[in-house]
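All of the numbers you see were taken from the coordinates with simple rules; none came from a lab. Remember, predicted model here, so these are calculated numbers, not experimental data. Cβ: placed from backbone, ideal geometry, glycine included. Neighbour counts: every protein chain shown.
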Amino acid sequence: MRRREFVRASVALPVSGLTLMGCESAGSNRYLEGNFAPVLTESTVTSLDVTGSIPEDLIGRFVRNGPNPDAAANRTRYHWFVGRGMVHGVRLDAGRATWYRNRYVASASGQTPNTSVIEHAGKTFAVVESGALPVELDYELASVDDNVSMGGGFTAHPQLDPDTGELHAICYDWATLRDHVRYVVIDRDGALRSDMKIRLPGMSMIHNMSITERYAVIYDLPVTLSFLALGTGSRFPFRWDDDYEARVGLVPRQGDDRDIIWSSVKPNYAYHPMNAYEDPEGRVVIDVVRYDKMFQNDTNGPFGDSLPRMDRWTINPVSRTVSEEIVDERPQEFPRCHPGLNGKPYRYGYSVAVDSNYEFPAFYKHDLQKGTATEIPMGADRHGAEPVFVPRASAQSEDDGYLMTYVYDKSRNASDLVIFDAQDTDRGPVSSIHLPVRVPYGFHGNWIPDRPLSGASV
């Protein structure tokens, strides 16, 4: 689908047939049903059935994190973002699947990170935003200890600079830092290099950030801390705020908070940019998944108020203006790109389709140079998750590699780890590793190689 100028295209997202969580019957909660429901046991499986051939250059672990509440979760009040963290992982070794494990994340603070798994400085961490410390995991996914070397509470989405090896993060903590966030940089050896305070007009929920060659990008959008929600006992106290200005900040990587370039955007919420980079004219180009509203009526999860589409924002740092255009109007989430091109010009990106049941029936492979997107269906009664691109060990081009994700198969009520050839998705998965259990719909993960490949993901 070719891009169209935002001002000329007004898209009504297909929300008919959705049940807004604020209007559901007592005891109902879509985020606790079907494959959103938790698994209540930890498993270790060392004999896995495989269909197809596992690429022999994949040696490492595919690990994913997500919320996994216990059986006593309050069905009316439960929010998808607050469940106890559980990591799921499959180890691959030269064409073999040697184990599957799922483990609860354990933290001394009691705040178990439930959003992503990253690798940095030779260590694996479960991470989340809003004040909780990263938790280090051992190779077999058991929790080791809270990590304090990253400067206190961290983020769900640190961004790795593929050239310097530095890890960049925008960190917030609504319980203690109600007037500012922190821009943190961790060096390639895991040491805290810088920690900058950035004051905001309110406590917005900053789930993610981006980097470019010269800037860190901060998304200050109108989902903010609600004292009304706090007063009614909500564990997730963020709500849509019509009075909060939506804006994007360019933080000079070599400057301080006085140098931030702020630009207004149309009211929206965005969890996940696909990538950001600077064009030859010095403008910052951001491809981002955008929602019209968030947590206005659906206060249990992200999908009930609007479904997300892919937009492109182009920021002129001189005029402090933003042009907005639609890349793909089809509902989609969890965008990724080649990790070695994070913060750089790129051509290909990947996302997962979102349907009206809040499930994920297909991938999209975006060719941003051509303005097209190829749909990659998961198959009947099969739903995927975030597609992770892994470059082939001997890659010759940007899309020479693999797409990896967990796919839930309703027919057997269990999940597969599927691997696609990113250059030949029409042939279907080159390998499906059949797990004996479900991997519930969750959030983010990564391929963590035993020996780093060029451009390996964080």
Per 10 Å bin, what percent of the C-alpha pairs of segment 4-449 does each bin hold, from zero upward?
4, 22, 34, 29, 10, 1
Sequence-distant residues sharing a close amide H with HIS157 (under 5 Å, placed H):
none
Could you run the Karplus curve 6.51 cos²θ - 1.76 cosθ + 1.60 with θ = phi - 60° over segment 316-330 and give me ³J(HN,Hα) per residue in whole Hz, x for Gly and Pro?
8, x, 7, 7, 6, 10, 10, 9, 10, 9, 7, 8, 8, 7, 5
Specify which residue in the list VAL135, PRO162, ILE326 is farthest towards the positive end of the charge dipole of segment 4-449, using unit charges on the beta carbon of Lys, Arg (+1) and Asp, Glu (-1), about the Cα centre.
VAL135
Rounded to whole Hz and in sequence order, give me ³J(HN,Hα) for segment 393-409 from the Karplus expression 6.51 cos²θ - 1.76 cosθ + 1.60, θ = phi - 60°, writing x for Gly and Pro.
4, 10, 4, 10, 8, 4, 9, 7, x, 10, 10, 10, 6, 8, 10, 8, 9
Under 5 Å between amide H atoms, partner at least 5 residues away or on a different chain: which partners does THR299 have, H built in plane at 1.01 Å?
MET21, GLY22
List the trypsin sites (Lys or Arg not before Pro) in segment 168-216 that DSSP assigns to loop (not H, G, I, E or B) and whose Cβ has at most 15 other Cβ atoms within 10 Å. Which are they?
ARG178, ARG188
Convert each backbone phi in segment 210-223 into a coupling constant with the Karplus relation 6.51 cos²θ - 1.76 cosθ + 1.60 (shift: θ = phi - 60°), then list the ³J(HN,Hα) values in order as whole Hz, x for Gly and Pro.
9, 10, 10, 4, 10, 10, 9, 10, 10, 9, 9, 10, x, 10
Calculated FRET efficiency for the pair THR76/ARG193, C-beta based, R₀ 56 Å, to 0.05:
0.80
Where does each of 251-260, 307-316 land if you order them by average Cβ count within 10 Å, highest first?
307-316, 251-260
Give me the distance in nm between label points sitting 7 Å out from Cα along the Cα-to-Cβ direction at ASN413 and VAL144, one decimal.
3.7
Computed from the beta carbon distance with a Förster radius of 35 Å, FRET efficiency for LEU230 and ASP163 to the nearest 0.05 stands at 0.25
Overall form of segment 168-313 per C-alpha gyration tensor (a/c, 1.5; a/b vs b/c)
oblate
Taking the beta-carbon count within 10 Å as an exposure proxy, list TRP99, TRP80 from fewest neighbours to most.
TRP99, TRP80
Can you list residues from other chains, or at least 5 along the same chain, whose modelled amide H is less than 5 Å from the amide H of SER234?
none
Using 7 Å Cα-to-Cβ label points, what is the ASP424/ARG347 separation (nm, one decimal)?
1.8
Tail beyond 19 Å, pair distance distribution of segment 311-386 (Cα, percent):
44
